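*Asks:* Could you have a look at this structure, given as structure tokens, before my questions?
Throughout, read-outs are computed from the coordinates displayed, never taken from laboratory work. All values reported here derive from a predicted model rather than from experimental measurement. Virtual Cβ from ideal backbone geometry, glycine too; neighbours counted across all protein chains shown.
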Amino acid sequence: MKSQSNTKQVSNKVQSASCDVKVYSDKGSLALRFPLRHNALWETLDGKSLKGKAKCLGIGKYGFSVDNPDDWKRASAIASQLESDLDHSEWDKLFDRTLAKYGLGGGKYAKLADIIQLPGTVPCLPEITVGAMWEDYLQWKKTTIEETTFKATYRQKYSNIVSGKGFENKGHKPVLSDYPLATVRLDDKQGINTALDSITSKSKIKCLKALNEAFDFAQSKGLLVNPTTENPFVLDKFSVPAVTTQQKYTDKVVNGETVEWHETEDENTLENDKRAFTKVERDIIIKAFYESDKLKQKGSIKIAPLVEFLFLSGCRPSEVYALTWRDVDFGRGVIKITKSVGASTGKVKDTKTGEARLFYFPDTSRLKALGTPA
């Protein structure tokens, strides 16, 4: 009884009293009740008399739940549009007898539409694809973010995910998904879920955030064919529990024995370790670069001082690539970091934070020796 009371309160809040197509709860599912003036239409579609009773249409099978306030709001919006179309002077052109226009396609009316021909009716136009939405979004997005970020992240990384392009590490060759997201229509929920399930990229969640923003953009610009099309990329559906640093590096139980996290054979755990190296670890790595026979054979031993500089200064690689001798003052022991080089464009630009900074080092610093000609 308590849940029914709450349901009534929700329904009264979200639906306008002026709408005659009512949203109500029917045996745990949402349903629509049409006014008697629409009976002639429904009797034609159903092929039987309503005997003076109002037409009721259950919509629970389309994913509308009594317990979800957002579903009540969506149902109310659909009810308003149905009434608007049916009461219009050109209702026969506006009303979609398949109900797909209202997000209720796929039921018996979609099948009856091929048999029953109502005067002047036109089939509902198909919704745009995810790929079409994405391309429109990219045209706008590139005007709002850094060129290098757009090119490397949105135009390349995320676009590859959307188009189903991947890379097979074992075979060292590109692969194409059997279910590319780009080809699926925005109103095909099942198709989108299938395509999303096939994505294994580590950037999947970040890409979904971009797709969520892309849908909002398309909706705000009127790019959607049907106004009742729902956002299939709502982030709440795909959110994952946050793992704290303390949880990430706690001891693990392996075969009944407690071991430290780094002693496990879980390669992903080690690969995702973002903690800083200790000084001892740092020096071991630097020494390995200087003594690498492979680098010497390839004539790439000059990369060793670069690695050492990165460790000692904490600069980003993009900032180091932009440094010149004019940015280094050995007398004052200071390095001016004012610019960076875009990895995807090769152009000199501002630092990632957009701010210049000074890095000071004492006379005893290894940095000074690093910059002194041999």
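*Asks:* Sum up the charges of everything whose Cβ sits under 13 Å from the Cβ of LEU310, counting Lys and Arg as +1 and Asp and Glu as -1, but leave LEU310 out.
*Replies:* Numbers: positive: ARG282, ARG316, ARG366; negative: GLU308, GLU319.
For residues surrounding LEU310, the net value is +1.
*Asks:* Expressed as a rounded percentage, what relative contact order does region 130-237 have, with Cα pairs under 8 Å and six or more residues apart? If you can, show how the numbers build up before the last one.
*Replies:* Working: 100 pairs, mean separation 30.1, N = 108.
Relative contact order here is 28 percent.
*Asks:* Something else now. Per 0.36 nm of contour for each residue apart, how much would the distance between THR258 and GLU355 grow if the chain were fully extended, relative to their Cα-Cα spacing? List each step's numbers first, then the result.
*Replies:* On the way: separation 97, 0.36 × 97 = 34.92 nm, distance 4.59 nm.
Fully extending the segment from THR258 to GLU355 adds 30.3 nm.
*Asks:* On full extension of the chain, what length is gained from GLN219 through THR149, given 0.36 nm per residue of separation minus the C-alpha to C-alpha distance?
*Replies:* Working: separation 70, 0.36 × 70 = 25.20 nm, distance 2.44 nm.
Here the answer is 22.8 nm.
*Asks:* What FRET efficiency comes out for LYS274 versus THR44 if R0 is 45 angstrom and r is the Cβ-Cβ distance? Round to the nearest 0.05. Don't skip to the answer; put the middle values down first.
*Replies:* Numbers: r = 65 Å, r/R0 = 1.44.
It comes out at approximately 0.10.
*Asks:* I would also like to ask the following. With an 8 Å cut-off on Cα pairs and a minimum separation of 6 or more residues, tell me the relative contact order of region 316-374 in percent.
*Replies:* Working: 71 pairs, mean separation 17.5, N = 59.
RCO, region 316-374: 30 percent.
*Asks:* According to a simple spin-label model (label point 7 Å from Cα along Cα-to-Cβ), what is the distance in nm between ILE285 and THR228?
*Replies:* Rounded to a tenth, the inter-label distance reads 5.7 nm.
*Asks:* Roughly how many whole Å is it from the C-alpha centroid of region 287-356 to that of region 11-85?
*Replies:* 65 Å
*Asks:* What's the FRET efficiency of ASP363 with LYS206 using the Cβ-Cβ distance as r and R₀ = 51 Å, to the nearest 0.05? Could the numbers behind the result be given before it?
*Replies:* Values: r = 44 Å, r/R0 = 0.87.
Working from the Cβ atoms, E equals 0.70.
*Asks:* Classify region 287-374 from the C-alpha gyration tensor, please: rounded if a/c falls under 1.5, else prolate or oblate depending on whether a/b exceeds b/c. Kindly include the intermediate steps, with their values, before the conclusion.
*Replies:* On the way: a/c = 2.31, a/b = 1.21, b/c = 1.91.
Oblate, because a/c is 1.5 or more while a/b does not exceed b/c.
*Asks:* If you don't mind, there's one more thing I want to ask. Can you work out the FRET efficiency for the pair ALA132 and THR194, with r the C-beta to C-beta distance and R0 = 22 Å, to the nearest 0.05?
*Replies:* Numbers: r = 19 Å, r/R0 = 0.85.
Here the calculated transfer efficiency is 0.70.
*Asks:* Can I ask one more? Testing the spin-label approximation: label points 7 Å from Cα along Cα→Cβ at SER89 and LYS347. State their distance in nm.
*Replies:* Placing both labels 7 Å along Cα→Cβ, they lie 5.4 nm apart.
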